[in-house]
Amino acid sequence: MSNVFDIIKQHTVIVDGGSGVLVQPMTDEYSYILTAKHNLLNDYNNDQSGVKELSQIDLMTFGDEKLTAIYVYDHQYLDIAVIKIDFRQGIEVYPYQKIPRADDSVRLYGYPGIKRAAGQPASDQIENYHLVIHEPLNERISFRNHDMAPVEDVKGFSGGGLFHVDEDLDKAFLVGIENAMDSTRALHERVKGIPISAFSDLLADNGLAPLKPLHLTNFKQLCEHVFPVNYYEHLADFQRKDIDHVVGLIKRDSECVAKLIESTPLDILTRYRSQLEVTKRDKSELENEALWCALLELVVLTSITKRIKSDEIDISTLFDGLFEECRVIYIDSDKHWKTCYEEILTSSTSHLNSNGKIILIMGSEPMVGGIIPAEDIGEYVENISSAYAQDAIDNARRFSEKKFPIIHWVSLHDQCIFSQRDDFKQYNSILQDDEDNNRLLLKKKYQPYLLPQGGDDD
C-alpha cells in the first residue's frame with residue numbers, strides 16, 4: 001500500500017518549466033491541475049504576454065504519462081491557474097479546510113530546474129522541502145525554508161503543492177501552491193505561496209465544479225465502497241467466504257436505494273450539518289467517504305429491520321426520519337472511542353426523539369458487543385471539564401439521563417454478521433429462498449439495535 005508521501009508524488013506533475021498538482025473537483029467529467037499562472041505565459045516575466053496555446057503546454061506525471069490540457073482558466077490578478085484535463089480515476093488529495101496558521105509545517109513538492117535532464121524519468125526529477133508558515137494572509141502565505149535552499153535550487157517549484165501531511169491518517173491535504181521566492185538574499189530565503197481558498201472564486205467565476213470530493217456528487221458513487229474489507233479484515237479468508245453473499249446482498253440494496261435518492265450527499269450535509277457536526281472536530285471530516293458509506297449502510301439496514309423493500313423507501317421523508325431516530329457521530333480516527341469521549345458526549349443530541357440512538361462511526365477494530373456499556377458513559381459524563389460551554393455540559397448530562405444507547409458501528413456489524421457466520425452460511429446459494437432467509441436473519445440480528453422501541457418485532 002502506498003504511503004502518504006508516495007501519494008503526494010503521484011499527484012505532483014511537471015507543467016512546462018514549473019510544477020502543478022492534480023486534484024479532483026466534484027464531478028466525474030474532468031479533473032484539474034492547479035498551478036502558477038506564470039508557468040503558462042508566453043513570457044513568464046511579462047504578465048501581459050498571454051497564456052500559451054494549449055498544444056504548447058507540456059504536462060507530465062510522476063509516472064511519465066503525458067497529459068493534454070483541454071482548457072486553461074487563469075486568475076485576473078493572482079498568480080494562479082487551473083488546467084482542465086480529462087477525468088482521472090483515483091485522485092486522493094483534497095483541499096486543506098483549516099485556516100493556515102503561523103508555524104504550521106508543510107511540505108513543498110515540485111520539479112526544480114537543477115534536477116531536470118532530457119530523457120530522465122520524472123521520478124528522478126522530483127524534490128521536496130520542509131517549510132514552516134511564517135505569515136498567513138488571505139491571498140498570500142510566506143514560508144520559512146528550513147532546508148535553506150538558495151533561489152537557484154527552488155526554480156521550477158512554481159505551481160508545486162504545499163501539503164499538510166497527516167501521517168496518522170495517511171492523508172495529504174493541499175494547503176496551496178508555491179509561486180515565488182519572497183527574498184533573494186542568500187541567507188534569508190523565504191518562499192511565497194497562494195492558499196487553496198484563492199482558487200474557489202476562479203472556479204465559481206468560470207462555472208466550474210468546486211474542489212469537493214467526488215463522492216459528494218451522488219450516493220451512487222458510494223455503493224461499491226459500502227461494507228469495506230477493513231470492517232472484517234480480522235477474519236481469515238475462509239471465514240469471509242461465509243458472509244460474502246450477505247455483504248453482496250447489502251451492496252445490491254445500497255445500489256437500489258442510491259438510485260432513488262435525488263439529493264446529493266452535499267445537499268444532505270448542507271441541510272443537516274448541525275445534526276452531524278461533532279464538538280472540537282474539524283468540519284472537513286464530514287466530507288469523508290467513510291461517513292457517507294456508513295449513512296447509506298444505515299438506511300439499508302434500517303429498511304431491512306422495518307421490512308421495507310429497498311425500492312419502496314419513502315425518499316421524501318427518509319433523512320428527516322433518520323436524523324430524528326439517530327445521532328450520527330463520525331470521528332476520523334482508528335483510536336479507541338474513550339480517547340474522544342469528550343467530543344462524543346458534548347455533541348448536540350437535541351434533535352433526537354425519545355427512542356433516539358447514537359451511531360458512532362469511529363475506528364475499524366470491533367469491540368465486544370455492539371453497544372458501549374452505559375456504565376462507561378456515566379463514568380465519563382462526570383469527567384467533562386467545566387471549561388466547556390454550559391450547553392455542552394448540559395448535553396453530556398442529557399446524554400446520560402436519557403440513556404441514549406451508543407452503537408459502535410463496526411462492532412455492530414461484528415455482533416450481527418461477522419460473529420454469526422454459521423447462521424448465514426447455510427443460506428449461501430443464489431436462490432430467492434436463500435436471499436429471503438438472509439433478509440430475515442439480518443432483520444432478526446439488527447432489529448434490537450436499530451428498530452425504535454415499540455416497533456415491529458415480528
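The values are calculated or read from the model by the stated rules, or taken from the named source; none is laboratory data. A quick note: this is a predicted structure, and the numbers were derived from the prediction, not measured. Note that we place each Cβ from the backbone using ideal geometry, even for glycine, and neighbour counts take in every protein chain shown.
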Given the options Gly50, Gly113, Gly63, name the one that is among the small types (Gly, Ala, Ser), surrounded by 12 or more Cβ atoms within 10 Å (Cβ to Cβ) and either touching a Cys at 6+ places or on another chain (Cβ under 8 Å) or in contact (Cβ under 8 Å) with a residue 40 or more places away in the chain (or both).
Gly113
Output the residue which, of all residues in segment 403-454 that are modelled with pLDDT under 90 and surrounded by fewer than 12 Cβ atoms within 10 Å (Cβ to Cβ), is nearest to Leu295 (Cα to Cα).
Gln453
Which residues, taken from segment 95-110, are loosely packed, with under 15 Cβ neighbours inside 10 Å and not in a loop (DSSP other than H, G, I, E, B)?
Ser105
Can you name the number of the only condition in (1) modelled with pLDDT under 95; (2) within 25 Å of Arg252 (Cβ to Cβ); (3) assigned to a helix (DSSP H, G or I) that Arg307 fails?
(3)
Entirely in segment 408-455, the helices (runs of 4 or more DSSP H) that have 3 or more residues that are under 26 Å from Glu325 (Cα atoms)
409-416, 432-450
Candidates Tyr96, Tyr109, filtered to the one that is in contact with a helix residue (DSSP H, G or I) (Cβ under 8 Å, 6 or more places away or on another chain) and within 19 Å of Leu202 (Cα to Cα):
Tyr96
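Go through the residues of segment 34-42 one by one and say whether even a single one is closer than 23 Å to Gln89 by Cβ and surrounded by 23 or more Cβ atoms within 10 Å (Cβ to Cβ). Walk me through it before giving the result.
Quick first cut of segment 34-42, residues closer than 23 Å to Gln89 by Cβ only: 34-35.
In the following step, the residues that additionally are surrounded by 23 or more Cβ atoms within 10 Å (Cβ to Cβ) were identified as 34-35.
Looking through segment 34-42, at least one residue is closer than 23 Å to Gln89 by Cβ and surrounded by 23 or more Cβ atoms within 10 Å (Cβ to Cβ).
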Surrounded by 13 or more Cβ atoms within 10 Å (Cβ to Cβ), basic (Lys, Arg) and in contact with a Gly (Cβ under 9 Å, 6 or more places away or on another chain), is that true of Arg140?
yes
Only residues that are exposed (fewer than 15 other Cβ atoms within 10 Å of the Cβ) and charged (D, E, K, R): list them for segment 221-240, please.
Glu224, Glu233, Asp237
Checked segment 1-33 for anything buried (at least 16 other Cβ atoms within 10 Å of the Cβ) and among the hydroxyl-bearing types (Ser, Thr, Tyr); matches are Thr12, Ser19, Tyr30, Ser31, Tyr32
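Yes/no matrix, rows are residues, columns are (1) surrounded by fewer than 21 Cβ atoms within 10 Å (Cβ to Cβ); (2) without any contact (Cβ under 8 Å) to a residue 12 or more places away in the chain; (3) farther than 30 Å from Lys98 by Cα:
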position	(1), (2), (3)
Leu301	no, no, yes
Ile304	no, no, yes
Tyr330	no, no, no
Thr349	yes, no, no
Leu360	no, no, no
Glu365	yes, no, no
Just one of (1) charged (D, E, K, R); (2) part of a loop (DSSP other than H, G, I, E, B); (3) closer than 30 Å to Leu345 by Cα; (4) at pLDDT 90 or above trips up Lys280, so point out which.
(4)
Here are the criteria: (1) among the β-branched types (Val, Ile, Thr); (2) in a loop (DSSP other than H, G, I, E, B); (3) modelled with pLDDT of 95 or more. Tell me which single one Ile8 does not satisfy.
(2)
Can you go through Ser284, Ser310, Ser274, Ser254 and tell me which one is small (Gly, Ala, Ser), surrounded by fewer than 20 Cβ atoms within 10 Å (Cβ to Cβ) and under 26 Å from Lys443 (Cα atoms)?
Ser310
